[in-house]
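The values are calculated or read from the model by the stated rules, or taken from the named source; none is laboratory data. Predicted model, so just to flag it, every value in this text is computed and none were measured. As a convention, Cβ positions derive from the backbone with ideal geometry for all residues, glycine included, and neighbour counts pool all protein chains shown. Remember, those area values only see protein heavy atoms, side chains included, never the ligands or the DNA or RNA. Shrake-Rupley method; radii C 1.70, N 1.55, O 1.52, S 1.80 Å.
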Amino acid sequence: SVIEKSKQLAAWTAVDEHVYPEHRVIGIGSGSTVPYVVERIVSQGAEANKNRVFIPTGFQSKELIVSSGLSLGDVDQYPTIDVTLDGADEQKSLIRVYRVDTQLNCIKGGGACHLREKVLAEAATTFILVADYRKNVEYLGTNFKAGVPIEVVPFAYAKVLQNLHQVLDSPKATLRMAVAKAGQVVTDNGNFIIDAPFDIEKMKEPYTIMAQIKMLTGVVEVGLFCHMARAAYFGNQDGSVTVKW
Ligand code: DER
């Protein structure tokens, strides 16, 4: 499909431009775009990969690394990562007035893996996002209507929901229910996920929202990645690639 082709395009370009022969520790994100990242890394050959170790961001990521014949590592053993590549749910680029720096802010957590993803994003010297054209938006919340994914401890989820409804002005915040399982989604860390939509005006200041949510007791991690990515690669429908940095 056009979307799958655009994911592959973004992933292959990002790997070609950011995974160097000297890189030894590589973080692998979650979702449906990162398999193309791993595919491209494998194509670099056994010689290039024999001394590398790959750090997963969850069960799906771990299975992808192992099934691709790559060496599995743990962030405990490798707290510093050369480069982490991951997907995104939505991505906007805030071009600062002085144009010296761009901040790539993005929503992550559509796959309920954003806690470990953020750990590996922060541990990486270089954090790269790869996505299809649907994720490339002007303002966060444009297409990804589910809202901001928030990982919470089960004990506190009702209280966090109430605070989101009554204090942080997200009246439609809901506990994420599973599809192939009765009841709520349970993360790889044994926690729950709340999806909290905010007014698009509020989404123009993602760092502010992230900090406010993070302060709520019982919140483990927020699916807003602000000032973290070095670059974001988007595959387009016409076969071109958009790079934001
Ligand atoms: O949960 C996440 O943040 C994942 O990276 C995922 O949502 C990315 O989406 P994708 O399946 O379109 O790559």
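Would you grab the residues whose amide H sits under 5 Å from the one on Leu72? Only those 5+ places off in sequence or on another chain, please, with H modelled 1.01 Å from N.
HN-HN under 5 Å from Leu72: Phe54.
Roughly how far apart, in whole Å, are the Cα centres of the range 161-198 and the range 42-84?
Between the Cα centre of the range 161-198 and that of the range 42-84, the gap is 31 Å.
For the range 15-78, state the average projected area of the convex hull of the C-alpha atoms over all orientations, rounded to one decimal in nm². Please report the intermediate quantities before stating the final value.
On the way: hull surface 15.8 nm².
Seen from a random direction, the Cα hull of the range 15-78 projects 4.0 nm² on average.
With a cut-off of 15 Å, note down the residues of the range 110-143 whose backbone N falls inside the zone around a label point 7 Å from the Cα of Lys5 toward its beta carbon.
Output list for this probe position: 132-134.
So what is the accessible area of the range 157-238 per residue, in Å², with the probe set to 1.4 Å? Mind showing how you got there, number by number?
Working: 4200 Å² over 82 residues.
In whole numbers, the range 157-238 has 51 Å² accessible per residue.
Express the carbon and sulfur contribution to the solvent-accessible surface of the range 68-226 as a percent, rounded to the nearest whole number, probe 1.4 angstrom.
On the way: 4040 of 7400 Å².
Of the solvent-accessible surface of the range 68-226, carbon and sulfur hold 55 percent.
Compute, for the chain, the length of the dipole vector about the Cα centre, with Cβ point charges of +1 (Lys, Arg) and -1 (Asp, Glu) only. Units Debye, rounded to 20.
On the way: 25 positive and 27 negative charges, 64 e Å.
My answer is approximately 300 debye.
What FRET efficiency do you get for Asp199 and Gln103 if R0 is 25 Å and r is their Cβ-Cβ distance, rounded to the nearest 0.05?
Details: r = 21 Å, r/R0 = 0.82.
The computed FRET efficiency comes out at 0.75.
Going through the range 1-42, which GluC sites (Glu not before Pro) have at most 15 other Cβ atoms within 10 Å and a DSSP loop state? Can you show the working numbers first?
Working: sites: Glu4, Glu17, Glu22, Glu39; in loops: Glu22.
Filter output for the range 1-42: Glu22.
Taking every Cα atom in the range 187-245, find the radius of gyration and the maximum pairwise distance Dmax, and write them in Å.
Rg and Dmax of the range 187-245, Cα atoms, are 15.3, 46 Å.
Roughly how many nanometres apart are two label points built 7 Å out from the Cα toward the Cβ at Ala211 and Arg24?
3.8 nm
How big is the Rg/Rh ratio for the chain, C-alpha atoms only, Rh by Kirkwood, two decimals?
Working: Rg = 17.6 Å, Rh = 18.2 Å.
With Rh from the inverse mean 1/r over Cα pairs, Rg/Rh is 0.97.
Which residue, chosen from Leu64, Asn105, Val15, occupies the Cα position most advanced towards the positive end of the dipole of the range 1-160, where the dipole is computed from +1 (Lys, Arg) and -1 (Asp, Glu) charges on Cβ about the Cα centre?
Asn105
When only Cα pairs under 8 Å and 6 or more residues apart are kept, what is the percent relative contact order across the range 120-198? Intermediate results must be reported in sequence, preceding the final value.
Working: 92 pairs, mean separation 27.1, N = 79.
In percent, rounded to a whole number, it is 34.
May I ask you to derive the relative contact order of the chain, considering only C-alpha pairs under 8 Å and at least 6 residues apart, and to give it as an integer percent? List each step's numbers first, then the result.
Numbers: 543 pairs, mean separation 58.2, N = 245.
Relative contact order here is 24 percent.
Assuming R0 = 45 Å, what is the FRET efficiency of Glu47 and Asn143, from their Cβ-Cβ distance, to the nearest 0.05?
Values: r = 41 Å, r/R0 = 0.91.
Step by step, r from the Cβ atoms, then E = 0.65.
Just to be sure I understand: with springs between alpha-carbon atoms less than 10 Å apart, which residue in Val15, Val66, Val38 has the highest mean-square fluctuation in the Gaussian network model of the chain?
It is Val66.
Under a 10 Å cutoff between Cα atoms, tell me which one of Ile128, Ile200, Ile150 has the largest fluctuation in the Gaussian network model of the chain.
Largest GNM mean-square fluctuation: Ile200.
So which trypsin sites (Lys or Arg not before Pro) in the range 169-211 are both in a DSSP loop and have at most 16 other Cβ atoms within 10 Å of their Cβ? Walk me through the intermediate numbers first.
On the way: sites: Lys172, Arg176, Lys181, Lys202, Lys204; in loops: Lys172, Arg176, Lys181.
Those that pass, being in a loop and sparsely packed, are Lys172, Lys181.
If you take every DSSP beta bridge whose two residues both sit in the chain, what share of them, in percent to the nearest 5, is antiparallel?
Numbers: 23 of 42 bridges.
Expressed as a percentage, antiparallel bridges in the chain total about 55.
Mind running the shape call on the range 127-193? Use the C-alpha gyration tensor, a ≥ b ≥ c as the square roots of the eigenvalues: rounded below 1.5 for a/c, prolate if a/b tops b/c, oblate otherwise.
Values: a/c = 2.06, a/b = 1.36, b/c = 1.51.
Since a/c reaches 1.5 but b/c is at least a/b, the shape of the range 127-193 is classed as oblate.
Using a 10 angstrom cutoff on alpha carbons, build the Gaussian network for the chain and name the most mobile of Ala180, Ala196, Ala229.
Ala180
Give the accessible surface of the range 1-118 per residue, rounded to a whole number of Å², with probe radius 1.4 Å and ligands, DNA and RNA excluded. Please report the intermediate quantities before stating the final value.
On the way: 5200 Å² over 118 residues.
It amounts to 44 Å² per residue over the range 1-118.
Note down the Stokes-Einstein diffusion coefficient of the range 1-129 in µm²/s, whole number, using a Kirkwood radius over alpha carbon pairs, 37 °C, and 0.692 mPa s.
Numbers: Rh = 14.9 Å.
Translational D for this selection: 220 µm²/s.
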